[in-house]
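Here is the structure we will look at.
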Amino acid sequence: QVQLVESGGGLVQAGGSLRLSCAASGRTFSDYTMGWFRQVPGKEREFVAAISWSGGSTYYADSVKGRFTISRDTAKTASLQMNRLKPEDTAVYYCAAKRFWSSYTNPHGYNYWGQGTQVTVSS
């Protein structure tokens, strides 16, 4: 059974940093696009960042560009380094995996999802 598990969420003050990790079990995701999304209650899931299977291509939402960095650490792990956090970054963050480097901002194209980790940024 394939699973993605996020970790690293928590409470941080505005301007601080957090590093989220996504660990895969059941198979490797070395040939999959990995993405991070976030969601607040009452709103749709929002794209944050994505990285291609090789790690050679990345893409960020404008709201996090220059502050967040996505990376692939091993064949089964990916990370999201979040710096200069703002209160509006507060959300549940999800990692996800999909085949092919296309339509990576659309959550409906992802095949596998983690359970989410809460990030809260206080002002």
What number goes with the only condition from (1) farther than 22 Å from Gly9 by Cα; (2) within 11 Å of the chain's Cα centre (by Cα) that Gly55 does not pass? (2)
Filtering the stretch 111-123 for residues that are open to solvent by 50 Å² or more (accessible area, probe 1.4 Å) and not in a strand (DSSP E or B) leaves a count of 3
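Could you list all residues from the stretch 55-82 that are among the hydroxyl-bearing types (Ser, Thr, Tyr) and at pLDDT below 95?
Filtering the stretch 55-82 for residues among the hydroxyl-bearing types (Ser, Thr, Tyr) gives 57-60, 63, 69, 71, 74, 77, 79.
Once the filter is applied, which keeps residues that are among the hydroxyl-bearing types (Ser, Thr, Tyr) and at pLDDT below 95, the stretch 55-82 yields Ser57, Thr74, Thr77.
Within the stretch 74-87, which residues are touching a residue at least 24 places away in the same chain (Cβ under 8 Å) and not hydrophobic (A, V, I, L, M, F, W, C)?
Our first condition is that a residue be touching a residue at least 24 places away in the same chain (Cβ under 8 Å); within the stretch 74-87, this holds for 75-87.
Once the filter is applied, which keeps residues that are touching a residue at least 24 places away in the same chain (Cβ under 8 Å) and not hydrophobic (A, V, I, L, M, F, W, C), the stretch 74-87 yields Lys76, Thr77, Ser79, Gln81, Asn83, Arg84, Lys86, Pro87.
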Note on the stretch 20-39: residues in contact (Cβ under 8 Å) with a residue 60 or more places away in the chain, open to solvent by 10 Å² or more (accessible area, probe 1.4 Å) and in a loop (DSSP other than H, G, I, E, B) are Asp31
For Gly8, which of the numbered conditions (1) at pLDDT 95 or above; (2) open to solvent by 40 Å² or more (accessible area, probe 1.4 Å); (3) of a type outside the set (A, V, I, L, M, F, W, C) fails to hold? (2)
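The values are calculated or read from the model by the stated rules, or taken from the named source; none is laboratory data. Just so we're clear, the structure is a prediction, and the values are computed from it rather than from any experiment. Quick reminder, even Gly has a Cβ in these numbers, built from the backbone with ideal geometry, and neighbours come from all protein chains shown. With ligands, DNA and RNA removed, areas are computed over all heavy atoms of the protein, side chains included. Shrake-Rupley method; radii C 1.70, N 1.55, O 1.52, S 1.80 Å.
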